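The values are calculated or read from the model by the stated rules, or taken from the named source; none is laboratory data. This is a predicted model, so every value here is computed, not measured. Heads up: the accessible areas ignore ligands, DNA and RNA and are worked out on the full protein's heavy atoms, side chains in. Shrake-Rupley method; radii C 1.70, N 1.55, O 1.52, S 1.80 Å.
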Amino acid sequence: MDTVPEAGDGRTAALLTALTCEKTGPFAVRHFRPLPDAIHERLSIDTQSSSSPQAPGAPGAAERGFDVDQTNRSVVVGERVVVKWLTPPAPFPQPAPEVFAHLTATGFTATATPYASVSRRAADGSESLVALVTAYLPGARDGWEWCVDEAVAGTTAFAADLGALAADLHAAMATPSPVLPDPVRRAAPVPAAGQSPWWLRAEEALREALALTGGEDGDWLAARAGTLRAALAPLSSPGPVPLIRIHGDLHVGQVLRWRDGYAVIDFDGNPTVTGADPFQPAARDLAQLTTSLEHVGQVAILRRGASPSEIAGWAAASRAALEGAYRERLTALGHAAPLDRSLLGAFEIEQECRELVYAARHLPRWRYAPMGVLRSRYP
Ligand code: ADP
Ligand code: MG
């Protein structure tokens, strides 16, 4: 594939049609659930007609894009299915196909139903993930929209739902399936204090954040480098923490509010971390989700003129409600073990460092959000 598929060019519909064929050439298809019947009808109608590619009934007519910021290219087909083309195809190992298979096997449904993943094997034997096929969720808005509305309105009832959703996800991740018969593991003992891989990784994020953040913000960070490093200390020699497959990039932007409730999507892992063990403490996901509420608060202040003091209250209340509901639900489901609270605060600071690195590398206008959180935390 030399160019990125565009909605309307017919390639996404063609991929769905190809999923139903036996022979797929250099492509390997992993099926999770059957495609909805409606899409088969739609595709056979669309592919039978018309010589002009623009005419209704042409293969591309059922396709449309999304009007949101995205890292990859997602195309909606027939208002039923989303095909996320990885741009460029992502070399294996990739977490999403295995996580989709596991979540399907454990009956976790608070996500866009996974249908299939498509990968391609190159001549040298290496495999890359080409596309992920899931259900389209009508009326979906992501948390950078719906949660900012909550912050502006000062309402927090959503936070308990979000906590329960995260707990359901982690309970499913901790449940054995044929895909992951042994889903809860233990961290390997740390060879010497300060040498844990998590500490090294967090410390590296802090170093990069300090190096890449300039100006007044950079000075402010440099003056607090010691305090920030101290906040990471619990990661230096953690106890025998239980590890599960986590979402890996769990922020409110990955939680869609749609016609029938909430859905957590985008299991591609954290784009700012490469080579991390896919088994991690559950606290890493929880820390990222709670800090994302604080980022939502910063967005509400900057973009919607919300009052900083009211937002501080909103963020504290919604964080507490989220964490409380998470813990309660996880306990009720009999899976309290995966959450070790001692690492939460350190993972949160690491996450803010990652946000700063991400801002410096890819999105300079985002820097205000992690800086706003850090400045309010260490006045
Ligand atoms: P990326 O990896 O590019 O961030 P995501 O999978 O997170 O891609 O999707 C980006 C956005 O596309 C989401 O925030 C949401 O607005 C929309 N979206 C993604 N999947 C669906 C879906 N199944 N149904 C409806 N909207 C979706
Ligand atoms: Mg995403």
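Would you please classify the overall shape of the stretch 265-379 from the alpha carbon gyration tensor, given that a ≥ b ≥ c denote the square roots of the eigenvalues, rounded means a/c under 1.5, and beyond that prolate means a/b larger than b/c while oblate covers the rest?
Here the stretch 265-379 falls in the oblate category.
Kyte-Doolittle cut-off 0.0, length cut-off 20 Å along the helix's own axis using Cα: show which whole DSSP H helices in the chain pass.
The qualifying helices are 158-173, 282-304.
Quick one: compute a quarter of the convex hull surface over the Cα atoms of the stretch 109-182 and quote it in nm².
7.7
On each of the three principal axes of the Cα atoms of the stretch 285-333, give max minus min coordinate, whole Å, ordered largest first.
40, 18, 12
With a cut-off of 8 Å between alpha carbons and a minimum separation of six or more residues, what is the relative contact order of the chain in percent?
Relative contact order here is 18 percent.
Quote the accessible area belonging to residue 310 in square angstrom, nearest 10, computed with a 1.4 Å probe and with ligands, DNA and RNA left uncounted.
In the full protein context, residue 310 sits at about 140 Å².
Leaving out ligands, DNA and RNA, what percent of the accessible area of the stretch 224-379 is carbon and sulfur, probe 1.4 Å?
Here carbon and sulfur together make up 55 percent of the probe-accessible area.
Please check: in the Gaussian network model of the chain (C-alpha springs, under 10 Å), which one of 154, 275, 218 has the largest mean-square fluctuation.
275
Assuming a viscosity of 1.002 mPa s and a temperature of 20 °C, what translational diffusion coefficient in µm² per second does Stokes-Einstein assign to the stretch 130-264, Rh being the Kirkwood radius over Cα pairs?
Here the translational diffusion coefficient equals 115 µm²/s.
Give me the Kirkwood hydrodynamic radius of the stretch 95-143, using the inverse of the mean 1/r over all pairs of distinct Cα atoms, in Å to one decimal.
Evaluated on the stretch 95-143, it is 12.5 Å.
Mean 1/r over all different Cα pairs, inverted: what Kirkwood radius does the stretch 72-216 give, in Å?
19.2
Give me the Kirkwood hydrodynamic radius of the stretch 61-151 in Å, from all C-alpha pairs, to one decimal place?
Taking the inverse mean of 1/r over all distinct Cα pairs, the stretch 61-151 comes out at 14.7 Å.
Regarding the chain, what whole-number volume in Å³ per residue does the convex hull of its Cα atoms give?
Hull volume normalised by residue count: 160 Å³.
How many Å² of accessible area per residue for the chain, probe 1.4 Å?
Accessible area per residue, the chain: 45 Å².
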